[in-house]
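The values are calculated or read from the model by the stated rules, or taken from the named source; none is laboratory data. Since the model is a prediction, treat every value here as computed from it, not as a measurement. When we count neighbours, we look across all protein chains shown, and the Cβ atoms used for this are built from the backbone with ideal geometry, even at glycine. Accessible surface areas use protein heavy atoms only, side chains included; no ligands, DNA or RNA. Shrake-Rupley method; radii C 1.70, N 1.55, O 1.52, S 1.80 Å.
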Amino acid sequence: MASRIVTLLVNGTPQEVIVRPGTTLVSVLRDQLELTGTKRGCADGSCGACSVVVDGKAVRSCLIPAETVDEAEVTTVEGITPVGGLGPLQEALVEGFATQCGFCNSGMLMVATALIAENPDPSDADIMRAISGNVCRCTGYHPIIRAIRDAAAKMRGAQQIAAE
Amino acid sequence: MDDHIPSETSGETLDRSYFSDENQHDFKVVGQPSPRLDARGHVTGTTRYFEDNHFRGTLHIKVCRSKRHHAKLTRIDPAPAMNVPGVVRVLTAKDVPANWYTVLRLINVGPNDEPVLAEDSVRYLGEPICAVVAESEAAAIEGASRVQVDYEDLPVVLDVEEALKPDAQIVNPVHGKNYFEYEGHPFRRIRFGDVEKGFAEADHIFEHRYQSRPIEQAPVETTGCIVKPEGDGRLTIYSDTQACFFTLDNTALILDVPTAKLRVVGGTVGGGFGGKVDVMVEPLACIAAMLTNRPVKFVYDRAEEMQVSSPRAAERIYIKDGVMKDGRIVARKMTFYIDSGAYSRHTPYGVTKASAHVPGPYSIPNVWADCHCVYTNRTPSSAMRGFGVTIGDFALESQMDRIAKTLGLDPLIFRLKNAYRDGDTKAHRKKVEGAALIEVIQRAAELVGHDLPEEYRKMSSVKREAK
Amino acid sequence: MLDRVDVPSDLNAALETLAGCRAGAILSGGTLLMPEINTRATGLTTLVSLKKLDLAGISVSGTRVTIGATTTLDAFGRDERLALLKPVVESIASPPVRNMASVAGNLFAAQPYGDLAVALLALDAEVEIAGPKGKRQAPVSEIVKKGVAADEIVTALTFDLPDGGSWFYAKTMRRNTNSAAIVCVAARVQVEGGVVKSASIALGGAGPRPLRVPSVEAALVGKPLDAESVTAAAAKFEADCEPFTDAYASAWYRTRVIPVHIRRALVGA
Amino acid sequence: MAKHFGRGFAAVNYPTGMNLGGDPSQALVHATPTGVFSVVLSSVDLGQGIKTIAAQCAAEVLGLPVENVLVDTADTDTGPHCMGTFASRGTHRVGNAVIMAAREAREVMLEVAAEEMEVDAADLETDGTGFVKLKGSEEKKISIMDVALAAHFKQGRTISGRGMFMKPRNYPDPETGAMDPDSAQSHACTVVDVSVDDETGEVEVLKLQSVYELGRALNPAMVHQQITGGAWMGISHALYETTEPYYPDRSHGPVSFSDYLMPGPSDTPPVTSVVIERPVANGPFGGKGIGEMTANSPIPAIANAIFDACGARVEELPITPERVLRALDAARETAVEA
């Protein structure tokens, strides 16, 4: 059984990890890098709690053997949290009472981050499609949808101000 | 799909105009939408759930489970599992100091009717037989698949009414019959008034059957724990239990150790919904930790959470109602068959909770209920949000609708006619206080523009109108 | 348990590894295989990832489309030249899964998953396969039935893009998004002179694999494409289908609604 | 094909707590030297929000902004006993225990303040912003931080309190079922609009409106969280969920979120809710439980709306498209016979 060194750029920081064959990305993040914001809710891709952004795309980190993403750029919930504060999506979830048990939040946030990066003005339908694979058992989804839309609007506003 | 715009059309209102003489206040913090204390932690991924505790050298448990609904175990051979690289130990029933338990023994509900690990028989598909402890999850999975188990099939009981027939195969030998016994009775009883007299007087009889199926709590975080042996000989149990001391005390009984040896750390859980009140993972993880002196993690995978952890019980409910022409219900008889699966867990308690809910929020002079807690060869059921009531409400309120539709009565007026009010006596003899059924119906009618005649708009839970 | 995960950058190396290992499997998007590896004792020891093989990409020449095997469903769905088939892709799973799942992988999804395979079956797609003995081609109908050999790798898919008026696709689900099919209908129906000239209708959710319904197709040819003749033709589905029971629906239910969904797919309500 | 539209109603009650096994919870409250108050529990937050409710209850009693209250839960080495999080008991039981503990701590706090201010403790009150003040005066006041410092370093007192709520165990009468199993009842009425496709049996919930009575909404935003989430779960239970789709047969049990059916983000309608309050004397500031019941009334309301829409009475859960079609078939047969 040959372990391998895998190099990742995680939240902007270069990381080298030694992985046993088939070690999944979620395991590298949580167990080796101790970035425990990314959650494990299943191991089959159906809950969405482990969603992270790899090379600009939201993916399921539980379905990715680390060897296959050598040299990839990975963003986790830790990477979207500004020092000393909250990002707009995080702030909208808090203010909109869109979090209850909190376990789905990281995955939701990463999927929403990827969505807004690509589509700064998503419709409710776009948001619902984007998070359709992320299970939330507490909120009934509507507060989350609202929060993502509010955050997107705020981010557009901020961009406009920056542009002016 | 594009038609749904939740944020535009959903609305949330607090209306203090009802009971306004009772609900005025000058609180400063209470009644305010204070931000959740846990929200920032949740959205930054810094909230610490049990699995976020990381200890070097942690071992992993996976369980070898029954592939049969009901069988004698003629052979359990863990040796092939031990040959898997990374497997450290295989736990069998012999390793569990007090293998037979039932969680509600803490409140003197017995008998102990379930083994932590199966001994000579299995009584449901997925019942734990051995626990494989390994250096990695993959090795534990591989090991669990290699344990050799030989079965001799026994007749299977899956239907609750079949289970209660005199010649039915016994599911659980501890009970010796396929039902939980309530102080000498084969079911929990409610007897109030004379239900047969009520039926004889009634203008109409309505008799219907309702059936639900097991439902999974489905928290996004599955059931699990990490147990860490400490230098002082104690064990710290990082757990997502819904009840820390309940888990601690039950675990100590199974381990046969003083409670002072255990410490449970939890309190922050990724959803429960009743699915984390059984004590399923902590005892085995503790035993493994004690035998290896290593931290041990035992977390259900999603399939275990779906099919092996206790669901909301399936219920079969018969309701017979006697109703007068004017819509007054004069007698209600309910028979519940609540499917406990192979063992008790919390279901005997839920059955009593179901009985206390009969006949719903209505004042009915004659009420009868027989609430059976039935053993079958399926995954034991246990608590879930609304335990004992949710399915009863489906049956009761479906029944109410059928009566109203058949008699041509407005569905809200029919409920108002029968609604309980302060001072009424419920079927379980408790005096009604703080009733507000009438008011929520009145406010709902207003909310949806459903016209109610004035006499029904004027009704009050606080007192009955003079006749 | 896995003792090797290879990420070769050369197809021959991948084929060699696959041929030389005891219990190997191809890893493409991982959305079908990894759940198995994560939760069950699969017996697999080697994974050969196709990720660096340069098999992703879409080329269109006239109406002929060639899609590399590891093209993600997401990339497929974004290609403006394939906009007609975008609804097929968007009916599958959720965006993060589509960001991973590959076009070729969908051919091996167990029913009632594999909606792209249903569409490709209606399009009479061809599958390009590389093996130790070289390359071969096979119709998608054969691949969804028999699969490929353990030492072979699907490298590409080719098909003719239908024109908008002749293409029909409708997937009935239990949820609006992210759901397997109750029934999935994909069809290419050409109408000439007011009557159906040719019909190629494929169904998902109607049997153990994506299947064509020749009895329905035959009954439709020569008839106008209207509710009446489609209803009559759809009624013949049973000769070609083996509806099954799963957690989503019973065989009884699928049998009952298959003709309804064929009609709705082809002529709307 | 036709789409049929219908409306259904359901009205329910739900117990707060369940004391058939005894149902206690405890809380400890103490001040830090700088006047931050720590509430120590072993209660579990599953997402329902007990940490926030405990902080609000303590802050209200102590007269502090909620930011000055910390909640430490749950460690069995340090936290006092709590029976657990279930039976819609958290707000009621733990809330009451926190209030009792906070009152005891408040009493000491006022005594310490009285000594510092050289007035009678009975003449003092809190202003809710972190000061203890003389009743009727705006000038004569002392910050709670100064009170705590004085207690710790000058007067040598602990500003702390112990709280407990227990409704003693009740035993049902085996013959009649007479019992006193709970502390209060909350109430709800739900109105649901649906459409039913009579060819496929598919049901769409178009609108869900509810009115709840729960004593006192201690945190209205969190009450609405429960209502919105519970409505979703109610729809899910009504139309989608089971681990045994062919019960009592055990085949085809789902094992992942791919095959265990629940509605996704685009499958449920907007939820409108109104909350009315009838405070209960035994509750924390009049509050009762609402956590569990929000999934209950939507289920029969949906069943009844389906009947209203198309005459199909489905007596089984979940109300799958298949069961709707079979009920429609049965209704048609009955109509033909009639």
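Assuming residue B:108 fulfils every condition listed in (1) within 26 Å of the chain's Cα centre (by Cα); (2) crowded, with 19+ Cβ neighbours inside 10 Å; (3) among the polar types (S, T, N, Q) apart from one, which condition is it? Going through the list (1) within 26 Å of the chain's Cα centre (by Cα); (2) crowded, with 19+ Cβ neighbours inside 10 Å; (3) among the polar types (S, T, N, Q), residue B:108 breaks only (2).
Okay, residues lined up against (1) in contact with a Phe, Trp or Tyr (Cβ under 8 Å, 6 or more places away or on another chain); (2) facing chain D (nearest Cβ under 7 Å); (3) in a helix (DSSP H, G or I); (4) open to solvent by 20 Å² or more (accessible area, probe 1.4 Å):
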position	(1), (2), (3), (4)
B:378	yes, yes, no, no
B:406	yes, no, yes, yes
B:409	no, no, no, yes
B:415	yes, yes, yes, no
B:438	no, no, yes, no
B:443	yes, yes, yes, yes
B:452	no, no, no, no
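Among helices (runs of 4 or more DSSP H) entirely within the stretch C:1-89, having at least 2 residues that are facing chain A (nearest Cβ under 9 Å) and open to solvent by 30 Å² or more (accessible area, probe 1.4 Å) singles out C:33-39. Quick one: in the stretch A:107-143, of everything that is farther than 22 Å from residue A:76 by Cβ and part of a helix (DSSP H, G or I), which residue is farthest from the other protein chains (Cβ to nearest Cβ)? My answer is A:126. Here A:68, A:38 are screened, and the one residue that is within 19 Å of residue C:47 (Cα to Cα), at pLDDT 95 or above and not assigned by TED's automatic domain parsing to the domain that holds residue A:131 is A:68.
When the stretch D:67-76 is filtered for residues that are within 14 Å of residue D:144 (Cα to Cα) and touching a residue at least 12 places away in the same chain (Cβ under 8 Å), the ones remaining, listed by number, are D:68, D:69. Please tell me if residue B:34 is closer than 28 Å to residue D:232 by Cβ, at pLDDT below 95, open to solvent by less than 40 Å² (accessible area, probe 1.4 Å) and among the polar types (S, T, N, Q). No. A single entry from B:75, B:68 fulfils the requirement of being among the basic types (Lys, Arg), in contact with a strand residue (DSSP E or B) (Cβ under 6 Å, 6 or more places away or on another chain) and buried (at least 20 other Cβ atoms within 10 Å of the Cβ): B:68. Only one entry of A:31, A:44 meets the criterion of being over 22 Å from residue B:53 (Cα atoms) and either of a type in the set (Phe, Trp, Tyr) or within 13 Å of chain B (Cβ to nearest Cβ) (or both), and that entry is A:44. Residues of the stretch C:182-213 being among the small types (Gly, Ala, Ser), crowded, with 19+ Cβ neighbours inside 10 Å and over 15 Å from residue C:117 (Cβ atoms), which ones? Of everything in the stretch C:182-213, just one residue is among the small types (Gly, Ala, Ser), crowded, with 19+ Cβ neighbours inside 10 Å and over 15 Å from residue C:117 (Cβ atoms), namely C:199. One residue alone among B:138, B:144 is farther than 22 Å from residue B:380 by Cβ, surrounded by 19 or more Cβ atoms within 10 Å (Cβ to Cβ), out of contact with any helix residue (DSSP H, G or I) (no Cβ under 6 Å at 6 or more places or on another chain) and within 13 Å of another protein chain (Cβ to nearest Cβ), and that residue is B:138.
Listed conditions (1) within 14 Å of another protein chain (Cβ to nearest Cβ); (2) in contact with a Cys (Cβ under 6 Å, 6 or more places away or on another chain) are all met by residue B:190, apart from (2). With respect to residue B:465, determine if the residue is open to solvent by 70 Å² or more (accessible area, probe 1.4 Å), over 21 Å from residue B:359 (Cα atoms) and part of a helix (DSSP H, G or I). In short, no. Under the condition of being open to solvent by less than 20 Å² (accessible area, probe 1.4 Å) and facing another protein chain (nearest Cβ under 10 Å), the residues counted in the stretch C:90-99 number 2. When D:244, D:202 are checked against the criterion of being charged (D, E, K, R) and without any contact (Cβ under 8 Å) to a residue 40 or more places away in the chain, D:244 stands alone in meeting it. For the stretch C:116-195, no strands (runs of 3 or more DSSP E) sit wholly inside it while including 3 or more residues that are within 21 Å of residue C:55 (Cβ to Cβ) and of a type in the set (Lys, Arg). Highlighted here are the helices (runs of 4 or more DSSP H) found entirely within the stretch B:223-337 that include at least 1 residues which are more than 21 Å from residue B:92 (Cβ to Cβ): B:244-255, B:302-307.
The lone criterion from (1) within 21 Å of residue B:110 (Cα to Cα); (2) buried (at least 24 other Cβ atoms within 10 Å of the Cβ) left unmet by residue B:370 is number (2).
Is it the case that the stretch D:15-22 has a residue that's at negative phi and more than 9 Å from every other protein chain (Cβ to nearest Cβ)? Yes, some residue in the stretch D:15-22 is at negative phi and more than 9 Å from every other protein chain (Cβ to nearest Cβ). Has the stretch B:84-105 got at least one residue that is within 29 Å of residue B:253 (Cβ to Cβ), open to solvent by 50 Å² or more (accessible area, probe 1.4 Å), among the acidic types (Asp, Glu) and not assigned by TED's automatic domain parsing to the domain that holds residue B:316? Looking for residues that are within 29 Å of residue B:253 (Cβ to Cβ), open to solvent by 50 Å² or more (accessible area, probe 1.4 Å), among the acidic types (Asp, Glu) and not assigned by TED's automatic domain parsing to the domain that holds residue B:316, one finds none in the stretch B:84-105, hence no.
In the condition set (1) in contact with a Ser or Thr (Cβ under 7 Å, 6 or more places away or on another chain); (2) within 11 Å of chain C (Cβ to nearest Cβ); (3) within 14 Å of residue A:88 (Cα to Cα), residue A:146 is compliant with all but (2). Meeting the requirement of 2 or more residues that are under 15 Å from the mean Cα position of the chain (by Cα) and modelled with pLDDT of 95 or more, the strands (runs of 3 or more DSSP E) wholly within the stretch D:1-86 are D:3-16.
Residue by residue, here is whether (1) surrounded by fewer than 22 Cβ atoms within 10 Å (Cβ to Cβ); (2) among the hydroxyl-bearing types (Ser, Thr, Tyr); (3) at pLDDT 95 or above holds:
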position: C:127; (1), (2), (3): no, no, yes
position: C:134; (1), (2), (3): yes, no, yes
position: C:139; (1), (2), (3): yes, no, yes
position: C:152; (1), (2), (3): yes, no, yes
position: C:165; (1), (2), (3): yes, no, no
position: C:172; (1), (2), (3): no, yes, yes
position: C:180; (1), (2), (3): no, no, yes
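For the stretch D:266-279, indicate whether the set of residues that are surrounded by fewer than 24 Cβ atoms within 10 Å (Cβ to Cβ), touching a strand residue (DSSP E or B) at 6+ places or on another chain (Cβ under 9 Å) and in a helix (DSSP H, G or I) is non-empty. Within the stretch D:266-279 (the criterion being surrounded by fewer than 24 Cβ atoms within 10 Å (Cβ to Cβ), touching a strand residue (DSSP E or B) at 6+ places or on another chain (Cβ under 9 Å) and in a helix (DSSP H, G or I)), the answer is no, since none of the residues qualifies.
Picking from residues in the stretch B:201-234 that are without any contact (Cβ under 8 Å) to a residue 60 or more places away in the chain and open to solvent by 50 Å² or more (accessible area, probe 1.4 Å), the one that is farthest from the other protein chains (Cβ to nearest Cβ) is B:231. Is it the case that residue C:185 is out of contact with any Pro (no Cβ under 8 Å at 6 or more places or on another chain) and of a type in the set (Val, Ile, Thr)? Spelling it out, residue C:185 is indeed out of contact with any Pro (no Cβ under 8 Å at 6 or more places or on another chain) and of a type in the set (Val, Ile, Thr). Scanning the stretch D:217-256 for residues that are open to solvent by less than 10 Å² (accessible area, probe 1.4 Å), part of a loop (DSSP other than H, G, I, E, B) and either within 14 Å of chain A (Cβ to nearest Cβ) or not hydroxyl-bearing (Ser, Thr, Tyr) (or both) gives D:217, D:218, D:219, D:241, D:244, D:254.
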